[in-house]
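Engineer: Provided herewith is a single structure, encoded as structure tokens, for subsequent inquiry.
The values are calculated or read from the model by the stated rules, or taken from the named source; none is laboratory data. Just so you know, these numbers come straight off a predicted model, no measurement behind them. Note that we place each Cβ from the backbone using ideal geometry, even for glycine, and neighbour counts take in every protein chain shown.
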Amino acid sequence: MSIFSAAKAQRKFAAAGLENIRLIILDARFALRNLFGSATVAKVYLNFPVPWSKNRHAERRVIVPEFFATLNDILREEGIFELSTDVDAYAQEAVSLGQSAGFSVLTQEKNPDRESMTRFERKWKRFDRDIYFVQLQKEKAESVTRALKGMVPIPHQFIKQEEIDISALPEILDKTFKSDGGKEICVFKSIYKELAHDHYLIKAIATDEGFAQHCILVLARRERDWLVKLDTATNPYRTPAVKFAVKQLAQVLTRKEA
């Protein structure tokens, strides 16, 4: 969803007097797992997702085993997952993966007569394109690991004046850094310096198992040390990869012999 579409929808909600709707512009795979607690959701709708059928696009797919693990966690007992798609193979894959994850099939049909349709669905019907509809019901509970764990502050890093190697800063550009487990990845893309002071802004991309965020890190000289921290202007989710980026920047700039 674009910001324009979200704003348009919000105006419609306001005009209709609806106050129980919230819109979140975020990767649904990340949002479902990290913004909702266990057994708190009654129903999840997935309307016409891009199938990403090519192998090189596999990391963008929604319908994967990990997605059903998330559903088994956040859905209530006998909660429902509902999929609408114009790709038959996608519907078939959703049924197969859902059954493997313990879901039962409530509905699987072509061209259902639905009371409420998306704009995309109405468009395809005008062109006589087939629509495939699937409803799966949760039959078992499963726990998943979340990237966001409560209100944990972002860890600042401090480098002593005698230990910092500021000459190493340009060497970080476009290099990929991975955590020991390989789940957190960061890449530093740009460096900006305030001419009058020892104050830098570093643009980074932090990725947690496929969920990427752009963020800005601050490197600032103080009286006795240097501070490395997250700049709040970009305000990313404080995931392990974002925290890893802060620690990694400090580690790269700390003299090895210190």
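Engineer: Could you run through the stretch 218-258 and say how many residues are in a strand (DSSP E or B) and of a type in the set (Phe, Trp, Tyr)?
Structural biologist: Quick first cut of the stretch 218-258, residues in a strand (DSSP E or B) only: 218-221, 225-230, 254.
Subsequent filtering for residues that are of a type in the set (Phe, Trp, Tyr) retains 226.
Number of matching residues: 1.
Engineer: Same structure again: Which is of a type outside the set (D, E, K, R), within 17 Å of the chain's Cα centre (by Cα), assigned to a helix (DSSP H, G or I) and under 25 Å from residue 131 (Cα atoms), of 31, 9, 58?
Structural biologist: 58
Engineer: If I filter the stretch 64-72 for residues that are touching a strand residue (DSSP E or B) at 6+ places or on another chain (Cβ under 7 Å), over 25 Å from residue 121 (Cα atoms) and at pLDDT 95 or above, do I get at least one hit? Walk me through how you get there before you give the answer.
Structural biologist: Quick first cut of the stretch 64-72, residues touching a strand residue (DSSP E or B) at 6+ places or on another chain (Cβ under 7 Å) only: 71.
After this cut, where a residue has to be over 25 Å from residue 121 (Cα atoms) as well, the list is none.
No, the stretch 64-72 has no match at all.
Engineer: Same structure, new question: Would you mention how many residues in the stretch 99-126 are touching a helix residue (DSSP H, G or I) at 6+ places or on another chain (Cβ under 7 Å) and assigned to a strand (DSSP E or B)?
Structural biologist: Of the residues in that region, 2 qualify.
Engineer: Pairs needed: first member in the stretch 33-47, on the phi > 0 side of the Ramachandran plot; second member anywhere, of a type in the set (A, V, I, L, M, F, W, C) and not in a loop (DSSP other than H, G, I, E, B); C-beta distance under 8 Å; at least 6 residues apart or different chains.
Structural biologist: That search, which allows pairs on different chains as well, returns 39/74; 39/75.
Engineer: Considering only residues that are closer than 26 Å to residue 238 by Cα, surrounded by 14 or more Cβ atoms within 10 Å (Cβ to Cβ) and free of Cβ contacts under 8 Å to residues at least 60 places away in the same chain, which ones fall in the stretch 1-32?
Structural biologist: Passing the criteria: 26, 28, 31, 32.
Engineer: It is to be established whether one or more residues within the stretch 198-205 are exposed (fewer than 13 other Cβ atoms within 10 Å of the Cβ) and in the same structural domain as residue 162 (by TED's automatic domain parsing).
Structural biologist: No - not one qualifying residue is present in the stretch 198-205.
Here is a yes/no grid of residues against (1) basic (Lys, Arg); (2) in a strand (DSSP E or B); (3) under 23 Å from residue 44 (Cα atoms):
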position: 128; (1), (2), (3): no, no, no
position: 135; (1), (2), (3): no, yes, yes
position: 142; (1), (2), (3): no, no, yes
position: 145; (1), (2), (3): no, no, yes
position: 189; (1), (2), (3): yes, yes, no
position: 200; (1), (2), (3): no, yes, no
position: 203; (1), (2), (3): yes, yes, no
position: 213; (1), (2), (3): no, yes, no
position: 216; (1), (2), (3): no, yes, no
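Engineer: Is it true that residue 238 is under 19 Å from residue 27 (Cα atoms) and in contact (Cβ under 8 Å) with a residue 12 or more places away in the chain?
Structural biologist: For residue 238, the condition - under 19 Å from residue 27 (Cα atoms) and in contact (Cβ under 8 Å) with a residue 12 or more places away in the chain - is met.
Engineer: Please specify each residue of the stretch 167-187 satisfying the condition of being touching a Leu at 6+ places or on another chain (Cβ under 7 Å) and more than 22 Å from residue 213 (Cβ to Cβ).
Structural biologist: Answer for the stretch 167-187, where residues must be touching a Leu at 6+ places or on another chain (Cβ under 7 Å) and more than 22 Å from residue 213 (Cβ to Cβ): just 168.
Quick grid of which residues meet (1) touching a residue at least 60 places away in the same chain (Cβ under 8 Å); (2) small (Gly, Ala, Ser); (3) farther than 17 Å from residue 147 by Cβ; (4) in contact with a His (Cβ under 6 Å, 6 or more places away or on another chain):
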| residue | (1), (2), (3), (4) |
| --- | --- |
| 179 | yes, yes, no, no |
| 185 | no, no, no, no |
| 190 | no, yes, yes, no |
| 203 | no, no, yes, no |
| 211 | yes, no, no, no |
| 233 | no, yes, yes, no |
| 242 | yes, no, no, no |
| 247 | yes, no, no, no |
| 256 | no, no, yes, no |
